[in-house]
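Here the structure comes first, spelled out in structure tokens, and everything after it is commentary.
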Amino acid sequence: MFKKLRLISFVLVTCLGILLLFYIIPPKEIVQLIRKLEFKNFLLAFLLYFLSYIFRALRWKILYPQADVKYLFLTTAINTALNNIVPARLGELSIFALLKKYARNTKELIKKFFIVRFYDLFTLLLLLAFSLSYLYGYSVLFLIFFSLKNLVALTAGILGSKPNISELLE
């Protein structure tokens, strides 16, 4: 019974979203935009977006090895959807509800949440560094190496272990 109700609610929300899309953008304009798309570009974008979800799920798998990757993939998808729907990024709170069965306590879950967000920040900084190196020709290898070492040290500090600095410098 609960599964049928859940399926019906998902279908209703999807239909509501499509109707809202057609209300905001006339269907004729949507068809024109789709006709302008090159299939190979659309396929490449779809595959890259799908891969990003897989990598996000694998990121959580590193922190929760006992969790199923399929469940973590769905968790990532639900979390992203809620972040896009709920204002003020309150959808981030969904990750706590979805992963609480794998965490020993809330404190551990909060630590791991911030670790994931630090890795997100590092990834964005890495993309920025590569973009700047492409635009301006600067060598950013030192910046990337230095940032990676600091991120590892920060992550270890959040987890409560004390990293050996000499090991990080090697």
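Assorted remarks:
- For the stretch 32-131, the per residue solvent-accessible surface stands at 71 Å², with DNA, RNA and ligands left out and a 1.4 Å probe.
- Surface composition of the stretch 1-74: carbon and sulfur atoms hold 77% of the protein heavy-atom accessible area at a 1.4 Å probe.
- Cα→Cβ-extended label distance, 7 Å offset, between LEU121 and THR106, nm: 2.3
- Size of electric dipole in the stretch 1-145: Cβ of Lys, Arg +1 and of Asp, Glu -1, about Cα centre, debye, nearest 20: 540
The values are calculated or read from the model by the stated rules, or taken from the named source; none is laboratory data. Keep in mind that this is a model prediction, so the values were computed, not measured. Please note: Cβ atoms are built from the backbone with ideal geometry, for glycine as well, and neighbour counts cover all protein chains shown. Ligands, DNA and RNA are stripped out before the accessible areas are found, and what is left, the full protein with its side chains, is counted by its heavy atoms. Shrake-Rupley method; radii C 1.70, N 1.55, O 1.52, S 1.80 Å.
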